[in-house]
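Q: Handing you a structure now.
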Amino acid sequence: MALSRLSSRSNGLLRSAAAAVLLRRTISTDTSPMTIDISLPFTAHLVEPPSRAVETSPKELLSFYRDMVVMRRMEIAADSLYKAKLIRGFCHLYDGQEAVAIGMEAAITKQDAIITSYRDHCTFLGRGGSLVEAFSELMGRKAGCSNGKGGSMHFYKKDAGFYGGHGIVGAQIPLGCGLAFAQKYSKDEAVTFTLYGDGAANQGQLFEALNIAALWDLPAILVCENNHYGMGTAEWRAAKSPAYFKRGDYVPGLKVDGMDVLAVKQACKFAKEHALKNGPIVLEMDTYRYHGHSMSDPGSTYRTRDEISGVRQERDPIERVRKLIVSHDFATEKELKDIEKEVRKEVDAAIAEAKESPVPDQSELFTNIYVKGLGTESFGADRKELRASLP
Amino acid sequence: MWGILRRSIVDGGFSATSLRRVRSALVSSRSYAAAAKEMSVRDALNSALDEEMSADPKVFIMGEEVGQYQGAYKITKGLLEKYGPERVCDTPITEAGFAGIGVGAAYYGLKPVVEFMTFNFSMQAIDHIINSAAKSNYMSAGQIAVPIVFRGPNGAAAGVGAQHSQCYAAWYASCPGLKVLSPYSSEDARGLLKAAIRDPDPVVFLENELLYGESFPVSEEALDSSFCLPIGKAKIEREGKDVTITAFSKMVGLALKAAEMLSKEGINAEVINLRSIRPLDRATVNASVRKTNRLVTVEEGFPQHGVGAEICTSVVEESFGYLDAPIERISGADVPMPYAANLERMAVPQAEDIVRAAKRACFRSK
């Protein structure tokens, strides 16, 4: 586990005594900086890795905990909603990978851009999206972040620098390099994180885009969320070289323990500084998804149940932060359990509210096809029955 | 004035600056006002790009050989020198990569003009054109607009064979979320390209290599930097009353030639230059057919599921009662483009084909 340079036993006892005297509100607002050494070192390619000593604070750790619990709860709830047939089509869940979304947010601002694949629910939440918008979108309701017209794979929040939500494996990589191009063109001093999986890591367009990004010094950070399976195909069956952080060849790379939120934060902070000065860099997040590829995939035909439960026991990102918080006495087990209960209620309330949201008006079939419709006609299945003039 | 013209011709065509000098020279010599200005399609496109880049700093160009080489077909000549490498970007030969980068830049709010050396190569990037560009505004309920233009030569050139000769109008025009334009004349080229660059939606702009060198008269209005043509409106190039002929791009010239030949035989054809394949100006076509009662559609591309098929269906749906004859369809042959000159000639519409079809529609044989 992580070592702390700060607390000694006696200090810890004092703090919990103080907390017991006051009405247990003090801990979550403590922003005093502290440093924690991450347990696993970074592995670097063509670059000096950042230090293992990560700056954080009790408040930040508690926010990590809470935010990851929200994400975990949302995905588990989505599983139930899907089985209840309230969510249709594809539903790709992110539980297990929360540390990547949360650690990244801690290192960047909303001026930086994020673009990802279809496994986007938690990334959306990390960018400031709400539970109600997420659940509504999943259930195809008006209150959804895409008004119900996108679905699970097409969440967006442009005002917070989140550019989706993409269904075609690998397409988001050139798109993300394009966002970085535009940031450089506009002199915005910001970077783009473009996330993709170990499956997408073999796509030709990745190498095309990375080549251009390197030639033109674009502030693009390619983040491979390596959960070791591209749908049902294990990485060793898909990639001749599964060292994804090295696949950029002439582009520097870093391999990161993606289940350690502090390691993710450090790596993303490092990558942002690097990209602004030196152009693209590849981050490989060693992570894991508990669910199958999607709700149509049990996830157990190509993995053993032992493997899945093994990761849950040894590497779960929420568990790690819980242990860290408790060992430093930033909160008690009970307080953390209370947070979980609170989050559960929050998620349930959001689902209830989302269920109340109506389906989109029928007229929405014909909206947003164009920004400027020019009065063109569009047609329903029987154009003599249904046609519309696009504004 | 003639000195300026001669110098410009030596330079290899009218550049934007030489054109301005010609204009001012002509304006100052109003007594010679009878002579109409001529402009090649190449210069029309170049001047449109120049003016739009000058007017809006968000507009930039990206593609193979667009910068230092001055453009594979010289359409972007002089632009690198004028605007610099940040705005005129030479790319590697990686269509999927640079088209995706262009779309991403458009997501952020820039206005990219992505050149495909020919639209045959756009197939390598077609996922980005359709799935990343065309559908994003809809999937995001209006959050992600994509103000991008994909432009380049489309259709057959001369002797370039099967892989370099396909027309993509029908494929792209079938996709909701895209706008598809195809100019014929220099005025079309200027007005439609400027409209495309200003348009907030993704536009596929289908030029024609064989038209680049052709010159057309251009009005004063068309030379103005604010000139723009409406998207979605066809132009009646030649009014007539006996039969309607629709065409776009190079085929408009062929249709006009066919109309000349038909007029010698007493058939007065109305030629419609579609200009816009999506949105298709069904209203203009239908109004014309209601007047003439006969229709011949002309296109260079493959016949099955082509532009002519859509126009035919539109007329059958909207104006069936007005038809006095079955609709005729002239298109490229239903074969991959052959190389041998005699076979190539058979694979592409000729004026005689249009004349024959028009006569059939008029129930005249021979």
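The values are calculated or read from the model by the stated rules, or taken from the named source; none is laboratory data. All values reported here derive from a predicted model rather than from experimental measurement. Virtual Cβ from ideal backbone geometry, glycine too; neighbours counted across all protein chains shown.
Q: Could you figure out which of (1) out of contact with any strand residue (DSSP E or B) (no Cβ under 6 Å at 6 or more places or on another chain); (2) surrounded by fewer than 22 Cβ atoms within 10 Å (Cβ to Cβ) isn't true of residue B:87?
A: Only one criterion in (1) out of contact with any strand residue (DSSP E or B) (no Cβ under 6 Å at 6 or more places or on another chain); (2) surrounded by fewer than 22 Cβ atoms within 10 Å (Cβ to Cβ) is unmet by residue B:87, namely (1).
Q: All but one of (1) over 28 Å from residue B:228 (Cβ atoms); (2) in contact with a Pro (Cβ under 7 Å, 6 or more places away or on another chain); (3) not basic (Lys, Arg) hold for residue B:269, so report the exception by its number.
A: (2)
Q: Next question, about the same structure. Out of all the residues in the range B:171-184, is one or more more than 9 Å from chain A (Cβ to nearest Cβ), among the hydroxyl-bearing types (Ser, Thr, Tyr), part of a loop (DSSP other than H, G, I, E, B) and buried (at least 24 other Cβ atoms within 10 Å of the Cβ)?
A: yes
Q: Do we have residue B:352 as exposed (fewer than 13 other Cβ atoms within 10 Å of the Cβ), within 18 Å of residue B:243 (Cα to Cα) and more than 19 Å from the chain's Cα centre (by Cα) here?
A: Spelling it out, residue B:352 is indeed exposed (fewer than 13 other Cβ atoms within 10 Å of the Cβ), within 18 Å of residue B:243 (Cα to Cα) and more than 19 Å from the chain's Cα centre (by Cα).
Q: Quick one: how many residues across the range A:175-191 are within 7 Å of another protein chain (Cβ to nearest Cβ) and touching an Asp or Glu at 6+ places or on another chain (Cβ under 7 Å)?
A: 1
Q: Turning to a different aspect of this structure: Taking the range A:192-231 as the search range and keeping residues that are in a helix (DSSP H, G or I) and surrounded by 24 or more Cβ atoms within 10 Å (Cβ to Cβ), which one is farthest from the other protein chains (Cβ to nearest Cβ)? Before the answer, list the steps.
A: First, the residues of the range A:192-231 that are in a helix (DSSP H, G or I): A:200-202, A:204-215.
If we keep only those that are surrounded by 24 or more Cβ atoms within 10 Å (Cβ to Cβ) too, we end up with A:201, A:205-206, A:208-210, A:212-213.
Details: A:201: 15, A:205: 4, A:206: 9, A:208: 3, A:209: 5, A:210: 8, A:212: 6, A:213: 8 Å.
Ranking the candidates gives A:201 first.
Residues are listed down the side, and each one gets a yes or a no for (1) within 23 Å of the chain's Cα centre (by Cα); (2) over 29 Å from residue B:186 (Cα atoms); (3) away from chain A (no Cβ under 14 Å):
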| site | (1), (2), (3) |
| --- | --- |
| B:259 | yes, no, yes |
| B:262 | no, no, yes |
| B:267 | no, no, yes |
| B:282 | yes, no, no |
| B:299 | yes, no, yes |
| B:308 | yes, no, yes |
| B:320 | no, yes, no |
| B:334 | yes, yes, yes |
| B:343 | no, yes, yes |
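Q: Something else about it: Can residue A:142 be described as surrounded by fewer than 24 Cβ atoms within 10 Å (Cβ to Cβ) and within 23 Å of residue A:86 (Cβ to Cβ)? Spell out the reasoning first.
A: Numbers: surrounded by fewer than 24 Cβ atoms within 10 Å (Cβ to Cβ): yes; within 23 Å of residue A:86 (Cβ to Cβ): yes.
So residue A:142 fits the description; yes.
Q: Suppose we filter A:272, A:265 for residues that are among the basic types (Lys, Arg), buried (at least 20 other Cβ atoms within 10 Å of the Cβ), within 20 Å of residue A:179 (Cβ to Cβ) and within 18 Å of the chain's Cα centre (by Cα); which single one remains? Write out each step before concluding.
A: Values: A:265 fails: within 20 Å of residue A:179 (Cβ to Cβ).
Result: A:272 is the single residue among A:272, A:265 that is among the basic types (Lys, Arg), buried (at least 20 other Cβ atoms within 10 Å of the Cβ), within 20 Å of residue A:179 (Cβ to Cβ) and within 18 Å of the chain's Cα centre (by Cα).
Q: What is the one condition in (1) out of contact with any Asp or Glu (no Cβ under 6 Å at 6 or more places or on another chain); (2) closer than 21 Å to residue B:279 by Cα that residue B:165 does not satisfy?
A: (2)
Q: Here is a further query. If you scan the range A:232-245, which residues turn out to be of a type outside the set (Ser, Thr, Tyr), part of a helix (DSSP H, G or I) and within 22 Å of the chain's Cα centre (by Cα)? Working first, answer last.
A: Filtering the range A:232-245 down to residues of a type outside the set (Ser, Thr, Tyr) leaves A:232, A:234-240, A:242-243, A:245.
Now narrow it down to the ones that are part of a helix (DSSP H, G or I): A:235-238, A:245.
Scanning the range A:232-245 gives A:235, A:245.
Q: The conditions are (1) out of contact with any Phe, Trp or Tyr (no Cβ under 6 Å at 6 or more places or on another chain); (2) touching a residue at least 40 places away in the same chain (Cβ under 8 Å), and residue A:341 fails exactly one of them. Which is it?
A: Checking residue A:341 against (1) out of contact with any Phe, Trp or Tyr (no Cβ under 6 Å at 6 or more places or on another chain); (2) touching a residue at least 40 places away in the same chain (Cβ under 8 Å), the one that fails is (2).
Q: Is at least one residue of the range A:132-140 at the interface with chain B (Cβ under 8 Å from one of its Cβ atoms) and closer than 30 Å to residue A:362 by Cβ? It would help to see each step written out before you state the result.
A: Kept after step one, since they are at the interface with chain B (Cβ under 8 Å from one of its Cβ atoms), are these residues of the range A:132-140: none.
Within the range A:132-140, not a single residue is at the interface with chain B (Cβ under 8 Å from one of its Cβ atoms) and closer than 30 Å to residue A:362 by Cβ.
Results for (1) modelled with pLDDT under 95; (2) of a type outside the set (Gly, Ala, Ser); (3) touching a strand residue (DSSP E or B) at 6+ places or on another chain (Cβ under 9 Å), shown as yes or no for each residue.
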residue	(1), (2), (3)
A:240	no, yes, no
A:248	no, no, yes
A:255	no, yes, yes
A:291	no, yes, no
A:297	no, yes, no
A:304	no, yes, no
A:307	no, yes, no
A:312	no, yes, no
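Q: Hey, does the range A:144-163 have a residue that's in contact (Cβ under 8 Å) with a residue 12 or more places away in the chain, facing chain B (nearest Cβ under 8 Å) and within 15 Å of residue A:223 (Cβ to Cβ)?
A: So far as the range A:144-163 goes, yes, one or more of its residues are in contact (Cβ under 8 Å) with a residue 12 or more places away in the chain, facing chain B (nearest Cβ under 8 Å) and within 15 Å of residue A:223 (Cβ to Cβ).
Q: Moving to a separate point now. Run down A:300, A:309, A:357, A:389 and say which single residue is loosely packed, with under 13 Cβ neighbours inside 10 Å and either within 14 Å of another protein chain (Cβ to nearest Cβ) or of a type in the set (Val, Ile, Thr) (or both). Walk me through it before giving the result.
A: On the way: A:300 fails: either within 14 Å of another protein chain (Cβ to nearest Cβ) or of a type in the set (Val, Ile, Thr) (or both); A:309 fails: either within 14 Å of another protein chain (Cβ to nearest Cβ) or of a type in the set (Val, Ile, Thr) (or both); A:357 fails: loosely packed, with under 13 Cβ neighbours inside 10 Å.
After applying the criteria, what remains is A:389.
Q: In addition: Does residue B:150 fit the bill of being within 14 Å of another protein chain (Cβ to nearest Cβ), touching a residue at least 40 places away in the same chain (Cβ under 8 Å) and surrounded by 24 or more Cβ atoms within 10 Å (Cβ to Cβ)? Explain how you work it out, then say what you get.
A: Values: within 14 Å of another protein chain (Cβ to nearest Cβ): yes; touching a residue at least 40 places away in the same chain (Cβ under 8 Å): yes; surrounded by 24 or more Cβ atoms within 10 Å (Cβ to Cβ): yes.
Yes, satisfied.
Q: A further question follows. What residue, among those in the range B:103-124 that are assigned to a helix (DSSP H, G or I) and over 20 Å from the mean Cα position of the chain (by Cα), is farthest from the other protein chains (Cβ to nearest Cβ)?
A: As a first pass, look at the range B:103-124 and keep what is assigned to a helix (DSSP H, G or I): B:103-108, B:119-124.
Okay, now just the ones that are also over 20 Å from the mean Cα position of the chain (by Cα), so B:103-108, B:124.
Details: B:103: 6, B:104: 2, B:105: 4, B:106: 7, B:107: 5, B:108: 3, B:124: 9 Å.
Applying the filter and picking the extreme gives B:124.
Q: Report whether or not residue A:4 is of a type in the set (Ser, Thr, Tyr), crowded, with 16+ Cβ neighbours inside 10 Å, at pLDDT below 95 and under 25 Å from residue A:104 (Cα atoms).
A: no
Q: If we keep just the residues of the range A:164-174 that are under 22 Å from residue B:60 (Cβ atoms) and at the interface with another protein chain (Cβ under 8 Å from one of its Cβ atoms), which is surrounded by the most Cβ atoms within 10 Å (Cβ to Cβ)? Even if it seems obvious, please write down each step before you answer.
A: Within the range A:164-174, the first condition is being under 22 Å from residue B:60 (Cβ atoms), and the residues that meet it are A:171-174.
Going one step further and asking which of them are at the interface with another protein chain (Cβ under 8 Å from one of its Cβ atoms), we end up with A:171, A:173-174.
On the way: A:171: 24, A:173: 32, A:174: 34.
It comes out as A:174.
Q: Give me the residue from the range A:55-77 that is over 14 Å from the mean Cα position of the chain (by Cα) and of a type in the set (A, V, I, L, M, F, W, C) and, out of that set, surrounded by the fewest Cβ atoms within 10 Å (Cβ to Cβ).
A: Among residues in the range A:55-77 that are over 14 Å from the mean Cα position of the chain (by Cα) and of a type in the set (A, V, I, L, M, F, W, C), the one surrounded by the fewest Cβ atoms within 10 Å (Cβ to Cβ) is A:76.
Q: Moving on. Among the helices (runs of 4 or more DSSP H) lying completely within the range B:1-88, list those that include at least 1 residues that are at pLDDT below 95. Step through it out loud before you land on a result.
A: On the way: elements: B:2-10, B:16-28, B:41-55, B:79-83.
It comes to B:2-10, B:16-28.
Q: Those residues that are surrounded by 19 or more Cβ atoms within 10 Å (Cβ to Cβ), part of a loop (DSSP other than H, G, I, E, B) and within 14 Å of chain A (Cβ to nearest Cβ), I need them from the range B:193-227; list them, please.
A: B:199, B:201, B:202
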